Amino acid sequence: DTAVSQTPKYLVTQMGNDKSIKCEQNLGHDTMYWYKQDSKKFLKIMFSYNNKELIINETVPNRFSPKSPDKAHLNLHINSLELGDSAVYFCASSQMDQTYNEQFFGPGTRLTVL
Amino acid sequence: GDSVTQMEGPVTLSEEAFLTINCTYTATGYPSLFWYVQYPGEGLQLLLKATKADDKGSNKGFEATYRKETTSFHLEKGSVQVSDSAVYFCALRGYQKVTFGIGTKLQVIP
């Protein structure tokens with residue numbers, strides 16, 4: 001039973017295309033996140049949703065648009081892909097109510113823009 | 001705002017050597033502190049955590065103590081194995097947000 005799953009695992013596409021990454025968690029958590037990890041392993045928070053409401057929206061280009069149809073799903077749509085978007089994107093989930101609750105991460109989606 | 005400062009890697013050790021990865025933080029309030037590990041090709045997973053001052057988190061031979069007076073949460077292991085080769089992230093969690101350090105790559109050679 002995978003706790004946090006992402007699809008696809010690999011995504012190779014041309015500049016200018018539009019693509020989506022999907023994330024699902026079966027842990028019953030109320031909060032989900034998207035992170036971007038660059039080639040140096042630096043992890044940057046992009047968005048966070050709590051009970052389907054956007055609560056964290058870091059400085060990210062408007063080409064990135066998250067959507068949370070329900071508490072268990074958080075998708076990421078990217079328009080007009082650029083070379084600099086190449087990275088590994090991680091979805092994560094946690095329960096918000098206590099700071100001691102850790103995050104559970106998905107396996108990542110490696111996006112390569114050609 | 002909150003911040004985490006973590007030593008830059010890579011760190012290369014021989015098997016059975018002692019490991020320390022330094023982590024210091026700045027935060028308002030009373031954050032919880034975490035170490036996450038990322039094995040090659042995988043997502044991050046929790047290694048250990050501590051939720052208040054003087055707490056010690058431990059798992060798989062790794063330990064870290066929440067030191068409020070020095071605002072530190074250094075990761076230690078007495079004897080590393082090749083299988084410990086991974087990237088280690090120190091993190092703190094405040095009210096809504098988790099702040100991660102830059103990650104320290106550890107390579108253990110036989």
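The values are calculated or read from the model by the stated rules, or taken from the named source; none is laboratory data. Note that the structure is a prediction, hence the values are computed from the model and not measured. Neighbour counts run over all protein chains shown; Cβ positions are idealised from the backbone, glycine included.
Quick notes on this structure:
- On the stretch given as the range A:87-100, residues that are within 11 Å of chain B (Cβ to nearest Cβ) and either closer than 15 Å to A:Ile55 by Cβ or of a type in the set (Val, Ile, Thr) (or both) total 6.
- Of all the residues in the range A:42-78, those that are surrounded by fewer than 16 Cβ atoms within 10 Å (Cβ to Cβ) and within 11 Å of another protein chain (Cβ to nearest Cβ) number 4.
- Qualifying position, being under 18 Å from A:Gln37 (Cα atoms), without any contact (Cβ under 8 Å) to a residue 60 or more places away in the chain and crowded, with 20+ Cβ neighbours inside 10 Å, among B:Gly43, B:Gly57, B:Gly103: B:Gly43
- Per-region count, the range B:65-100, residues surrounded by fewer than 20 Cβ atoms within 10 Å (Cβ to Cβ), within 14 Å of chain A (Cβ to nearest Cβ) and hydroxyl-bearing (Ser, Thr, Tyr): 3
- Of all positions in the range B:70-82, none carries a residue that is free of Cβ contacts under 8 Å to residues at least 40 places away in the same chain, more than 28 Å from B:Gly1 (Cβ to Cβ) and either in contact with a Gly (Cβ under 8 Å, 6 or more places away or on another chain) or of a type in the set (Gly, Ala, Ser) (or both).
- B:Thr28 fulfils the conditions (1) modelled with pLDDT of 95 or more; (2) farther than 24 Å from A:Gly108 by Cα; (3) more than 14 Å from the chain's Cα centre (by Cα); (4) not aromatic (Phe, Trp, Tyr) except for a single criterion, (1).
- Selection status of A:Lys36, within 11 Å of the chain's Cα centre (by Cα), more than 9 Å from chain B (Cβ to nearest Cβ), closer than 27 Å to B:Thr51 by Cα and modelled with pLDDT of 95 or more: yes
- Of all residues making up the range A:2-33, the number that are assigned to a strand (DSSP E or B) and away from every other protein chain (no Cβ under 13 Å): 9
- Strands (runs of 3 or more DSSP E) enclosed by the range A:63-114 - at least 1 residues per element that are in contact (Cβ under 8 Å) with a residue 60 or more places away in the chain: A:73-78, A:87-94, A:109-113
- When A:Asn57, A:Asn75, A:Asn51, A:Asn79 are checked against the criterion of being among the polar types (S, T, N, Q), modelled with pLDDT of 90 or more and farther than 21 Å from B:Gly43 by Cα, a single residue qualifies: A:Asn79.
- So A:Ser93, is it polar (S, T, N, Q) and touching a Phe, Trp or Tyr at 6+ places or on another chain (Cβ under 7 Å): yes
- When restricted to residues that are under 9 Å from the mean Cα position of the chain (by Cα) and among the β-branched types (Val, Ile, Thr), the range B:31-54 contains 1.
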